[in-house]
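These notes are about the structure you will find just below.
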Amino acid sequence: MIESFLKTQVIGVDIRVDKTSYALVNIRGEIMARDEFSTVDYPNIGDFVAKLSDAIVELMEKNGGFDTVRSVGISAPSGNFHTGCIENSPNLQWKGIVPLAAMLRDRLGIAVSVDNNANVIAMAEHAYGAAHGMKDFIMVNLGSGMGSCIYSKGNIHQGTNGFAGEIGHTTYIQGGRQCGCGKLGCLEMYTAGKGVLLTAKEVMEESDAPSLMRDVHQLTVKLIIEFCNKGDELAIEVMRRTGHALGIGLANYASLFNPEAIILSGVVSRAGKWLLEPTDKVLEEHIFHNMKGKVKLLTSLTEDKNLNVLGASVLAWDVKEYSLFK
C-alpha cells in the first residue's frame, strides 16, 4: 500500500496536579505550538476530557490541521501504559481507575497512549537529553511526588502490571509521615516537594535561629532554593536532610539495578549543589561497594516545562496508529 500523505506531527500532553500543558511536536522533536489550562478547574473527569479534547482540536486546526497529526501521548501521575488508565493516583483529584486513553480516543478518533510521568520524562531524556545514548539508567522526578523509571537495555522496565519503579512509595522511615498513597513513611514524603516543605516546618520548629523562610506567607520549594543561594543556614539544612533521604533511596535503587547514571528532574532537583552534594555523599556511603564511584548523578538538561510534553510526543510516535476517519 502506498501512503499518499505522511503525518508529521503528534500531540504531547502533560497532566500535573495544578495544570495541564499540551503541545504540537513535529517529527524532529520541535515544539511548534503549546498551551495550558488549570487542571484543578475540572474536578469531574468527563469535563476535563472534554476540555482537553477541545483544546487539542483547536491547537491542531491552528497549526496545519487535523490531518497532519498522527497520535496523542499523555504523561500523567499514576498513568499505566498497559491499560491506558490513571490508576488510583494519590495526588490527582480524580480517584479510582480513570480510562483516560479510551475516553480521549473516543472523542478525537485517533490513537492515544498514556504512561506514568516518570517513564515519559525518561523517554524525553533518552531521546533529547542527558540520557541520550545510554541503555541503562534510572530517571527520578522530584515534583509534587517522587516518580521514577528504570531504563534497562534500551527499554523501559514496566513490570508485570506497569507499576515498576515506584521508589517514592518504598518505606524510608517506619511509621513516619503520612503519604497520599495511604502508607506511612514513604520516601517521597521526605524528598518530593511536599516532603521538603514538611522538613522546612520541622527545621524551623527545632530552632530559634533567624531564617528568611520565616518571613514568607506561603513557602515554596523555589523560595527555599533561593534562600539557600543567599546563605540561609536553615534553608541549607532543609536541603541537606532532603539530600540525605534521597541518597539513601538512590543507593538502594542503584545497588539493585547497577545503572550507568541516575538522572534527577523536577523542581526539587533545581536546588543544585545544596541537594546534589549531600545526596551524592550519602549515595557513595551506602551503595554496594563494587559500584562506588561508578554511578553518575546527573540533573536533567531540559527545561521542566518542556520535558514532559517532549516525552509524551515520543510516547505518541510509539503507539500504533489508529483513526476513525480511514
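Observations, loosely collected:
- Qualifying residue in the range 121-135 (condition: closer than 24 Å to TYR190 by Cα and not in a loop (DSSP other than H, G, I, E, B)): yes
- Residue list for the range 151-170, restricted to those being in contact with an Asp or Glu (Cβ under 7 Å, 6 or more places away or on another chain) and open to solvent by less than 20 Å² (accessible area, probe 1.4 Å): GLY168
- Yes/no for ASP41 being under 25 Å from ASN119 (Cα atoms) and of a type outside the set (A, V, I, L, M): no
- The lone exception for LYS201 - which of (1) of a type outside the set (Phe, Trp, Tyr); (2) touching a residue at least 40 places away in the same chain (Cβ under 8 Å); (3) in a helix (DSSP H, G or I); (4) surrounded by fewer than 19 Cβ atoms within 10 Å (Cβ to Cβ) it fails: (2)
- If you go through the range 155-198 and keep only what is in a helix (DSSP H, G or I), in contact with a Phe, Trp or Tyr (Cβ under 7 Å, 6 or more places away or on another chain) and closer than 18 Å to ASN88 by Cα, you end up with just ILE167.
- Selection from the range 254-281 of residues that are part of a helix (DSSP H, G or I) and open to solvent by 10 Å² or more (accessible area, probe 1.4 Å): SER255, LEU256, PHE257, VAL267, ARG270, LYS273, TRP274, LEU276, GLU277, PRO278, ASP280, LYS281
- Verdict on TYR42 being assigned to a loop (DSSP other than H, G, I, E, B), within 26 Å of GLY180 (Cβ to Cβ) and not basic (Lys, Arg): yes
- Filtered by the rule that a residue be closer than 25 Å to TRP94 by Cβ and either more than 21 Å from the chain's Cα centre (by Cα) or open to solvent by less than 20 Å² (accessible area, probe 1.4 Å) (or both), the range 25-40 gives a lone residue, THR39.
- Scanning the range 171-180 for residues that are free of Cβ contacts under 8 Å to residues at least 60 places away in the same chain, closer than 16 Å to LEU246 by Cβ and either surrounded by fewer than 14 Cβ atoms within 10 Å (Cβ to Cβ) or not charged (D, E, K, R) (or both) gives THR171, ILE173, GLY176.
- Output for the range 286-311, where each listed residue is part of a helix (DSSP H, G or I), farther than 22 Å from MET189 by Cα and at pLDDT 95 or above: HIS289, ASN290, MET291
The values are calculated or read from the model by the stated rules, or taken from the named source; none is laboratory data. Just so we're clear, the structure is a prediction, and the values are computed from it rather than from any experiment. Quick reminder, even Gly has a Cβ in these numbers, built from the backbone with ideal geometry, and neighbours come from all protein chains shown. What goes into the accessible areas is simple: the full protein's heavy atoms, side chains included, and nothing from ligands, DNA or RNA. Shrake-Rupley method; radii C 1.70, N 1.55, O 1.52, S 1.80 Å.
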